[in-house]
1. Counting protein heavy atoms only and a 1.4 angstrom probe, how many square angstrom of accessible surface do chains B and A bury in total, to the nearest 100?
2. Taking a ≥ b ≥ c as the square roots of the eigenvalues of the Cα gyration tensor of segment B:435-579, is the shape rounded (a/c under 1.5), prolate (a/b larger than b/c) or oblate?
3. In square nanometres, what is the average projected area of the Cα convex hull of the protein assembly as shown?
4. With every protein chain present, what accessible area does B:L349 have (1.4 Å probe, heavy atoms only), rounded to the nearest 10 Å²?
5. What's the carbon and sulfur percent of chain A's accessible surface, probe 1.4 angstrom, rounded to a whole number?
6. For a test of the definition: using alpha carbon positions, the gyration tensor, and the 1.5 limit on a/c, classify segment B:159-210 as rounded, prolate or oblate.
7. Using only Cα positions of segment B:31-121, each an equal point scatterer, no hydration layer, compute I(q)/I(0) via Debye at q = 0.22 Å⁻¹ and quote the log10 values to two decimals.
8. Between their Cα atoms, which of A:K135/B:K7; B:K59/B:K137; A:K44/B:K330; B:K536/B:K617; A:K83/A:K114 are more than 23 Å away from each other?
Amino acid sequence: MLSLKNISKYHKAGSLKTTILNNINLDVDAGEFVSIMGPSGSGKSSLLNIIGMLDEPSEGYQYFLNEPVHQLKEKQRSALYKKNIGFVFQAYHLIDELNVYENIETPLLYQDVKAAERKALVADMLDRFQIVGKKDLFPSQLSGGQQQLVGIARALIVTPKLLLADEPTGNLNSKQGDEIMELFSKLNKEGMTIIQVTHSEKNAAYGSRIINLLDGTIESSKNI
Amino acid sequence: MIKNYLKTAWRNLISKKFYSAINIIGLTIGLAVGLLILIWVKDELSYDRFNTKIDQIYKVNASIGTGASRQVWGNVSAPVAFHALKDVPGVINAVRIIQNYNYSTFRYKDKILRENGNNLAFVDDSFFKMFDFKLLKGNINKPFINDQSVIITERTAKRYFGSVDPVGKTLMADSKDPYTVSGVIADFPGNSSITGNMLFSIDRKRKEYDGKDYWKAMDEDWGNYFAQTFLQIKANESTKAIGEKLTRIHFKYQKSKSSDGVFQLQPMADIHLYNPDGSAAGIQTVKVFSIVAILILIIACINYVNLSTARAMLRSKEVSIRKIIGADRKQLFIQFIIETALCFTIALLLAFILIYISMPLYNKIAGKQMHFDLFSANVWQVVALTVIATLVASSIYPALLLSSFKPISALKGKISGAGNASFRKALVVCQFAFSIGLIIGTIIINKQLNYIHTKQLGYDKEHVFALSMHNMRDHYTAIKAQLLTHPEVLSVTASDNSIINSSSNTGDTDWDGKDPNTTLLISPFEIDKDFLPMFKVQFIAGRNFTASKSDTANFILNETAVKITGIKNPLGKRFKLHSLDGTIIGVVKDFHFASLKETIKPLIFSYRPTGDQMFIKTSGKNATAAIKLADNFWKQYNSNFPYEYTFLDDTYNAMYKTDQQTGILFDIFAGIAIFISCLGLFGLATYTAQVKVKEIGIRKVLGASVANITAMLSKDFLVLVIIAFAIASPIAWYMMSKWLMGYAYRAQLHWWIIGVAGFAAILIAFLTISFQSIKAALANPVKSLRSE
């Protein structure tokens, strides 16, 4: 599904060059559930952002669904990720002014989906995550776990091929976290490709492969 | 989609109540004031335009005199219209309007009402055809049945006759001359330069010439410049050529100096805003106010732009999420435009309400009868122009900025804010530069008005009231003697002219050594012997009139007259005024007998104790008693006239009424500009405190005091206000010096004015900012540092 070849990322501040990612090579196949681990500052999130095309690498080649991402223009890149990638964040990042229903509906609005179809899709999603009763509530009225559920529902509404999650349970207590990880696991079994960044060994274990990062390089990669 | 945008926009407004309120209040006031000013400007520019033939109508003005004493008069002599119609090809029609000062009251049955001579006029029959004043009743082809006919306005008809049909009814003028109403004309519009209550046939004026005087008939009287004359000219005719032709005709019939009575044509469209000589009159205020309106709108827009771009930083998270979940830049752009439009719609509705509420007060201050009609095309023209301009100016930049974030960095809170922070700073500087400019303008205008108010005029008008004598005139000496027996009356005198604002001029003078090619325009005053002592006019040479017989051939001049005529050692020298050859017996120190906008002109006093104006000097506490005493005589002699008197102080103030009105309006506008600017500054300060909350927390933990933090937060803004001050003050100074040039006598401009303005602006700005700064500085650092 995606392939990174010799990907490096560094910042230059004056004469000081800070390397964030150093010569990363990574292939992920469809249907995999990859967990990226590593201490703070090891480059986990940067790697995830590059995979999600929200950020550009300084060097290297990147392919996504056989498209050479490093050759694409900004516009084409964003079109590619909008259609194929769903994002889930540690801080949920719901839109505060929109209620649950509208938060989930928004991506469809941007893709010009017809009203009737939108209604059906959102209703399905609410049903699937068992949050129908919460559809008129605003993010501030929900618990963290519920907010993250909405976040995931929003990511999935456009049926992406790849789900990227940056510490999805980082702000949750262990019970809520477990529920989210169960959900990921279920989604993966239904065929969704997932890449998550996590600090927790336990959560990493839900995946099919664990990649350990240290100081911007892949230290180890093991299948479970 | 649009529905969704509107919904988000609305919720955004509601959830950020503080910013929304600041934004909407600023916009509402800006729009309301901007619109009010533009309505005023539009009203000024609309004068006389309702006349469909306005492009063809010209007023004839006359240039009199040469060099320094040259004047251009708005009235010309009666034969001008007569000959223009008869002898000048290209002139289609001519109308004369001659004020009728013959009467002061009219009676219908028991109802006696007073009429000011300014509202009574003799007009040519063509009046009703050249202008668009609607003759509601009467025959447009023969408006006046005979010379005892009168045409009255609707309002006048209602005053005298109530609901009774006035046509055919008789109005008794001053209880002696009957006039029959032959027509009713629609009231003159508020924006008409020509106004009045009653119109008389010019044939009535014609009858005043009995063929025995120097001027045999009205249409041969080249000497009296009393007719406002309008000509309707064929398109493409040269107005210059017509003016020259009229001048040539004038000199053919009247042998006079080639400098007196040179006619020139002024488009009717210009008469409201320009003086007869073409110099700027009201147009200056129109220009100033247009600029002020635009400045206020710009200030309000800047507020919006500043606040929304500042807030964009706080909204960057939302924008980033929207981008990540699939929003195009275009879609975000539309979202923000819609938010602005919503804000504007609300502000506009509120502005309309505000305008409606303030219209009566505004009309009172501005001295106009403007209407705010939501369904009038005029209003919407102004609204559309204002709103579109403001909307474009205040929506595109914030929308562009907000939609241009890089999503991932914005989400992390890393926004390249440096660039647009300096943009915001530039806008704040701009805003405050305008405000400081307006403050300086206000101070200088007020100073000048105050100067006029307290200026030593060179004479004493304290506690003097004036009245027209009418029938008392024949008994003046006796009345005066009786009045003076009362201690309440300090002095009594008479004149034919107003000492406040002399209205007449003559060029008919001669003296030894006069250059035959020049004309001296001089204001003649006919006074009795007590006039000069009562007004405490000072002599610099010679003596006052003594009421001796020989005084009828004596003259007193003012300093300026002596200087301009060039008479050396004037006492005892010959001077000729009209047909009277006399001797100069005194010279008085110059005093202001006209508006301070004009320099002191030459003046001549002659001894004629028969003027119609009686002046009575009393004291502050005896004023009521003195007025009562004069009333007794009035009742005795003038029982057909309502008692009428005016204190000279009031007359004097009335002369500067327009200036006072302008001054008050300017005060209000400047205040509003400052208020809106501060509103924006307040919002920005709040934003800064929010953004710097972490920095403030850290500094406090490290031991910074509240004063340190307040200073840190306020410093940046104060620097901006100081920069604004540096930019605004020289410009405002320059523009106000130009404005002052309009006054011949002006207040001294001191540098402290600028200092005061700058200090005021900085103080207001500091108070605005420090409220937020202190609040931020007092906050508990534990709270602000415990984020994420």
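1. Roughly 2200 Å² of accessible surface disappears when B and A pair.
2. In terms of gyration-tensor shape, oblate.
3. Details: hull surface 227.8 nm².
The orientation-averaged projected area of the Cα hull of the protein assembly as shown comes to 57.0 nm².
4. We get 100 Å² for B:L349.
5. In chain A, the share of accessible area belonging to carbon and sulfur is 47 percent.
6. Working: a/c = 2.27, a/b = 1.17, b/c = 1.94.
The shape class here is oblate.
7. Debye curve over Cα of segment B:31-121, log10 I(q)/I(0) at q = 0.22 Å⁻¹: -1.11.
8. Numbers: A:K135/B:K7 16 Å; B:K59/B:K137 27 Å; A:K44/B:K330 32 Å; B:K536/B:K617 12 Å; A:K83/A:K114 17 Å.
Beyond 23 Å between Cα atoms: B:K59/B:K137; A:K44/B:K330.
The values are calculated or read from the model by the stated rules, or taken from the named source; none is laboratory data. Computed from a predicted model, the values in this text were never measured in an experiment. Methodologically, a virtual Cβ is constructed for each residue, glycine included, from the backbone with ideal geometry; neighbour enumeration extends over all protein chains shown. Protein only, heavy atoms only, side chains kept; ligands, DNA and RNA dropped before computing areas. Shrake-Rupley method; radii C 1.70, N 1.55, O 1.52, S 1.80 Å.
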